[in-house]
Amino acid sequence: MEKFNLTKMILVLGILTQANLASADIHNTESNEMGLKQTRVIHNGQGKPTTAYISKIKIGGSGNALNKSKFPVVTKELSVGRVGKGEAANVRYEVAVRPLFIIGYDATSVEWLQSNAERLKEKNAVGYVANVETEEQLDHLNTILDNKVLLLAMNASDIANKLNIKHYPFYMDRNGILR
């Protein structure tokens, strides 16, 4: 069972940041009270979703480098079911940089993914597959999304505990939590 991999998350965030900065003009502005230059990023309107870049990173075999999980992936804290009102009650969703969702490989998650695939692609969401037995099952989920959404098969115990959730499918963006 793979634990929450902080290195993997830092790598993802680093790639996303690099891709965003690569498509922006960076200007130095005035110094702050400590004499340090403040950096201001002004978007030039030519940014592109980073998913296309991330999905091209390969480590042998199929899938991307960020998805080389050991299978099965099991998150005992999460199970398929309706996300209740008490779950994720104190999460500050408005600070979410990017929409995220958590699913498993089960009939409910597959149906939810099929119903929401276009929205997930449009919003450039990141998905965590918390319960999946094989790489083939993960590939099936990626096929539903036309390989256009980053899916990470990983133990989501830390995320579940931090967000205080017990069920999935779970979706969160700046506007709130889908229950």
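Some notes on this structure:
- Selection within segment 155-175 - in a helix (DSSP H, G or I) and buried (at least 17 other Cβ atoms within 10 Å of the Cβ): S157, I159, A160, L163
- Output for segment 85-131, where each listed residue is of a type outside the set (A, V, I, L, M) and assigned to a strand (DSSP E or B): F101, G104, G127, Y128, N131
- Filter result (of a type in the set (K, R) and over 25 Å from I144 (Cβ atoms)) within segment 77-109: K85, R92
- Each residue in segment 127-152 was checked for being touching a Lys or Arg at 6+ places or on another chain (Cβ under 9 Å) and hydrophobic (A, V, I, L, M, F, W, C), and 3 pass.
- For segment 107-133, filtered to residues that are in contact (Cβ under 8 Å) with a residue 40 or more places away in the chain and among the β-branched types (V, I, T), the residue that is surrounded by the fewest Cβ atoms within 10 Å (Cβ to Cβ) is T108.
- Residue pairs whose Cβ atoms lie under 9 Å apart, separated by 6 or more positions or on different chains, with the first residue in segment 75-86 and in contact (Cβ under 8 Å) with a residue 12 or more places away in the chain and the second part of a loop (DSSP other than H, G, I, E, B) and of a type in the set (D, E), are V80/D106.
- Being modelled with pLDDT of 95 or more, closer than 15 Å to E135 by Cα, surrounded by fewer than 20 Cβ atoms within 10 Å (Cβ to Cβ) and not hydroxyl-bearing (S, T, Y) is a property that V74 has.
The values are calculated or read from the model by the stated rules, or taken from the named source; none is laboratory data. This one's a predicted model, so the numbers in the text were calculated from it and none came from an experiment. Methodologically, a virtual Cβ is constructed for each residue, glycine included, from the backbone with ideal geometry; neighbour enumeration extends over all protein chains shown.
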